[in-house]
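Okay, structure first, notes after.
Only the coordinates and a few stated rules stand behind these numbers; no lab work does. These numbers were taken from a predicted model, which means no experiment stands behind them. Here the Cβ positions follow ideal geometry from the backbone for every residue, glycine too, while neighbour counts run over all protein chains shown.
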Amino acid sequence: MTEGGAPIRTVVIVGGGTAGWMAAAAAARFLNDGQRRIILVESDAIGTVGVGEATIPPIRDFNRMLGIDEAEFLRETQATFKLGIEFVDWGALGERYLHPFGDPGHNFEGIAFHQFWLKHRCDPRIRPFTDYFITGAAVREGGYAPQSGDPRSPLHQMAAAYHFDAALYAAFLRRRAEADGVERIEGRIEGVDRDAESGHVTSLRLGDGREVAGDFFIDCSGFVSLLLGREMGVGYRDWSQWLPCDRAMAVPSARVDPLIPATRATAHGFGWQWRIPLQHRTGNGIVYGSAYASDDEARATLLAHLDGEPLADPRPLRFTAGVRERLWEGNVVALGLAGGFIEPLESTSIHLIQTGINKLFWLFPDMRFSAVERDEYNRLMIDQYEYVRDFIVLHYKATARRDTPFWRDRTAMEIPDSLAQKIELFRTKGRIRRFDHDLFGIANWAAVMLGQNILPEGYDPLVDATDDARIIAAMERIASVFDQQARAMPSHADFIARLVAR
């Protein structure tokens, strides 16, 4: 509490699902001081979207922060490990590349590894860029091993995330949150009361006449954005000029072996399809633009490209890519779909919830609701959404595909200045401008740009100050060691089976 301000005593979370229960579990651990109440209001009659089953490595930090045992987590959520994303037919039809997690090789003389690869890539001893990631080698071999704490070990560069069943994850977090004191109230919200002077939300009115009062409200109500959008009137930044996909369908299918430790994203003529391997099934979905394909066409394409038998009918979802003008207004903060949505091409949806929680706890207010804290939160979160937006738009813009109207429109579109500058900087000498707090690092940008055939005209001149023979020998050694390590790993499925049997 800032000196002079009364503490917030009651935090009300509106909506369950992944966002709501992530917020509740974190609040129970870090905000519950024995005097503060944490309340979550949700209705069993309102379904959740639940399409975000793939994540990126920071999710492991979130789980560790909550003290979650990994073996228990894998058992309870049917999770698998994820070492990267395989992109099929994105750069051009018939091409595929991997966006692996972690860093490649190691930097020489303080210069990014990809700069040396750019200089020597035509040498017959030099292999494809992603062969210099231990995660890339592991995906190729279908294996998995945990990260080593020894910086001298090749496994020190293992960086993993998870695939999991989002509904099971929410249920898992709910059990932990309720055990830690979160109060769950079942009920449908029929009205909202606000203070006449400040405009702050004071209470929620439920359908059965009950009222739920609070000091601070976290809106996890999904696309409806019940508090931030509908009640507080915060506008929406529509990014469909860059991300025109506005529909999705999701369907589970039977598990297929081998259990590859990577998500697959396959581009179609009017969008793309995801494949997410879980222990008990495979998650699938198609993301598409309604201006380019009918729902029936999308459904048929999705079902025709499943690797296993469908286990349900495809479930439709409508959305508009973008973000609210502000994520915090008055005494309301929105997390997840209530604040914005960017298609899950790089598995960032759950991470945006996670980073929203982290920044909220860092800037957690007292009853004065300082404008400085609110404005800083909004700046940081809008930046995060824009960084993710640019990274996703890159995949659409940087392609040689011209085979359908969808792809011709994507390559012809004007892109955000921030992305255009980054692409041009990379095209010259492979330099990557990384903005403050950018979710994606140099290796991420390099893997996708190179994977989608943005080949720089040159490389960093500082590379020429190093000994070419020594660098090439080191690169050969790195790829060879990673190959050996990957072949020695247990299969992804075997590793998980042993871990969950503990």
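Things worth noting here:
- In terms of its Cα atoms, region 393-462 spans 42, 27, 18 Å along the principal axes, sorted from long to short.
- Based on Cα contacts under 8 Å between residues 6+ apart, region 1-157 shows a relative contact order of 14 percent.
- Residue ranges 317-326, 387-396, 331-340 sort as 331-340, 387-396, 317-326 when ordered by packing (mean number of other C-beta atoms within 10 Å per residue, highest first).
- Mean separation of Cα contacts under 8 Å, 6 or more apart, over the residue count of region 149-216: relative contact order %: 17 percent
- Calculated FRET efficiency for the pair ASP307/CYS122, C-beta based, R₀ 30 Å, to 0.05: 0.25
- Estimated at 0.36 nm per residue, the fully extended path between ALA469 and ARG318 surpasses their Cα-Cα distance by 48.9 nm.
- Ranked packing of 148-160, 475-487, most packed first, by mean Cβ within 10 Å: 475-487, 148-160
- Potential lengthening between ARG402 and LEU462 on full extension [0.36 nm per residue; Cα-Cα distance subtracted]: 17.9 nm
- Centre-to-centre, using Cα atoms only, region 165-215 and region 81-140 are separated by 46 Å.
- Note on LYS429, LYS359, LYS82, LYS422: ascending count of other Cβ atoms within 10 Å places them as LYS429, LYS359, LYS422, LYS82, the fewest first.
- Mean projected area in nm² (Cα convex hull; one quarter of hull surface) for region 234-339: 8.2 nm²
- Of all complete DSSP H helices in the chain, those with a Cα span along the helix axis of 27 Å or greater and a mean Kyte-Doolittle hydropathy of -0.5 or more are 468-488.
- For region 400-488, the relative contact order comes to 23 percent (Cα pairs under 8 Å, sequence separation of at least 6).
- Ranked by how many other Cβ atoms sit within 10 Å of their own Cβ, fewest first, the residues CYS122, CYS245 fall in the order CYS122, CYS245.
- Entries in LYS397/LYS429; LYS119/LYS422; LYS82/LYS397; LYS359/LYS422 that, when Cα-Cα distance is taken, lie over 22 Å: LYS82/LYS397; LYS359/LYS422
- For q = 0.12 Å⁻¹, Debye-computed log10 I/I(0) when each Cα of region 312-452 counts as one equal scatterer: -0.59
- Packing-based ranking, highest mean first, of 407-418, 269-280, 65-76 given that Cβ atoms within 10 Å are counted: 269-280, 65-76, 407-418
- Radius of gyration over Kirkwood radius for region 90-171, both on Cα atoms: the Rg/Rh ratio is 1.05.
- Among beta bridges from DSSP that stay inside the chain, the antiparallel ones total about 70%.
- The modelled label-to-label distance between ARG205 and ARG477, using points 7 Å beyond Cα along the C-beta direction, is 7.4 nm.
- Value of Rg/Rh across the chain [Cα atoms, Kirkwood radius]: 0.98
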